[in-house]
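Only one structure is covered here, and it is reproduced in the block below.
The values are calculated or read from the model by the stated rules, or taken from the named source; none is laboratory data. The structure presented is a predicted model; accordingly, all values stated were derived computationally and were not measured. Please note: Cβ atoms are built from the backbone with ideal geometry, for glycine as well, and neighbour counts cover all protein chains shown.
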Amino acid sequence: MRGLVFHGPGDIRFDDALPDPVVEAPDDVVIEVTTAGLCGSDLHPYEGREAARPGVVPGHEAVGVVTATGPQVRDFHVGDRVLVPFTTSCGACSACRRGLSARCEHGALFGWGDPEDPDRPALHGGQAARLRVPLADGTLVAVPAARSDLDAVLLADNLPTGWVAVERLGDIHGQTVVVQGLGSVGLCAVWSAWQLGAAAVLGIDPVEHRRRRAERLGATTCAPDDAASATRELTREGVAGVVDAAGTAAAQRTAADLVRPGGTVSLIAVPTQEHFAVSPVAAYDRNLTIVAGRAPVRSLLGRLLDQLDGVALPTEVVVTHAEADLADGPAVYATFAAREADMVKAVFRP
C-alpha cells in the first residue's frame with residue numbers, strides 16, 4: 001500500500017510497501033481513500049512542537065469508499081461514499097450523548113500514536129491508499145451526493161471546527177468578530193461568522209496571501225501589529241468575540257486585548273503551550289469568557305449538513321493545492337511548514 005509515514009520531526013517519508021489495513025474488530029470498516037487532507041495540526045509533530053510516535057501514518061481528514069465491513073456494522077456497506085471525522089466515536093457513551101464526540105470514552109485520534117504509551121496500538125491515519133476505521137457506525141458520515149470530495153475533506157475537520165469556534169462566541173448577530181490565524185480553520189471561521197450573522201469580520205494573520213484569501217470571503221484584514229487600530233476602525237465598542245485559530249501565546253494576549261469587557265475568546269487552535277497567556281487577573285477584571293477544546297465534529301455534522309444543504313462551501317478559497325500525490329508528500333509537508341507557494345490547504349489524492 002502507498003502512504004506517508006511519520007519518522008520524527010521534519011521527517012515524513014513516502015512508502016509504497018505498507019501493509020494493507022484489514023478488519024480487526026466486528027465494528028471496523030476499511031475504506032479506499034480517495035482524498036486526504038493535510039491539516040495545520042499535522043505540522044505540530046512535524047515541527048517538533050508536539051510529541052508523537054514514529055512509524056505512524058499521519059492524517060486525520062479522509063474521504064473514501066467502503067471496501068470491507070465487520071459483522072457488527074449496520075449503517076454502512078461496501079460501496080458507500082463516506083467522510084471520516086478526525087476522531088473515532090462510539091455514539092453511545094456519556095460524552096457522545098452530550099455532543100462531545102471528540103472526547104468519546106472509547107475514541108482515538110487518527111494518525112497519531114502516544115509516545116508515552118508504546119504498548120497502546122496507534123490508529124493509522126488517512127494519508128495512505130486505505131484506512132481502517134474502528135467504531136464505524138458512530139464515526140463515519142455518509143457524504144451527500146451533491147458534495148465534492150474536496151467539500152467532504154473540509155467537513156471532516158476544518159469547516160465544522162471553524163463553525164463551532166464561532167458558535168462558542170454566542171449570539172453574534174449584528175456584531176463584529178475577529179478571527180486570528182487565517183489558515184484553513186481560520187478561513188472557515190471567517191466564512192462561518194458570516195453564516196451565523198456577523199455584521200463585520202476582521203481577519204488577522206502575518207502572511208499576506210492568507211489575508212488576501214480572507215478578503216475574498218468578505219473580511220477586513222490586517223497584520224498582527226495593526227490589530228488594535230484595525231479593530232477601532234470597525235467598532236468603538238470593542239469586539240464581541242475573538243476566534244483564536246493561531247494558537248500562539250501572542251495571539252491569546254491579542255485576543256484578550258481586543259475583546260470588549262464581557263466578551264468571549266474562543267480558543268480553537270491545538271495548543272502546544274503549558275499555560276494560558278491570559279492572566280486570571282485580566283480575565284476577571286474584564287469579565288472575559290474563555291472557551292476552548294477540540295471540536296466535536298461527528299456530533300456537529302448531522303445538524304450542520306442539514307443546515308448547509310444547498311449552500312456552497314468556501315472550498316475554492318480554502319483548498320489551495322487540490323491534487324497532491326502521496327509520493328510528493330515529504331515536499332508538500334516541507335512547503336506547508338515553510339508557509340511557501342501560497343499554500344493554505346493541501347489535499348492528497350491517493
Inset, instruction - Answer with yes or no whether Val278 is more than 19 Å from Phe86 (Cα to Cα) and modelled with pLDDT of 95 or more. - result: no
Inset, instruction - For the range 314-350, enumerate the residues that are aliphatic (A, V, I, L, M) and crowded, with 19+ Cβ neighbours inside 10 Å. - result: Val317, Val318, Val319, Ala324, Leu326, Val332, Met343, Val344, Ala346, Val347
Legend entry - Options Ser192, Ser148: the member that is in the same structural domain as Val317 (by TED's automatic domain parsing) and of a type in the set (S, T, N, Q): Ser148
Inset, instruction - Spot the failing condition for Val278; the list is (1) part of a helix (DSSP H, G or I); (2) closer than 21 Å to Val185 by Cβ, and only one is missed. - result: (1)
Inset, instruction - For the range 130-176, enumerate the residues that are hydroxyl-bearing (Ser, Thr, Tyr), closer than 15 Å to Val82 by Cβ and surrounded by 22 or more Cβ atoms within 10 Å (Cβ to Cβ). - result: Thr139
Inset, instruction - Report, by residue number, each residue of the range 240-261 that is assigned to a strand (DSSP E or B), crowded, with 24+ Cβ neighbours inside 10 Å and more than 19 Å from the chain's Cα centre (by Cα). - result: Gly241, Val259
Legend entry - Evaluation of Tyr284 against (1) assigned by TED's automatic domain parsing to the domain that holds Ser184; (2) touching a Gly at 6+ places or on another chain (Cβ under 8 Å) (one fails), failing number: (2)
Inset, instruction - Taking Arg286 as the residue in question, decide whether it is at pLDDT below 95, on the phi < 0 side of the Ramachandran plot and surrounded by 15 or more Cβ atoms within 10 Å (Cβ to Cβ). - result: yes
Inset, instruction - Can you tell me which residue among Ala165, Ala145 is among the hydrophobic types (A, V, I, L, M, F, W, C) and under 22 Å from Val344 (Cβ atoms)? - result: Ala165
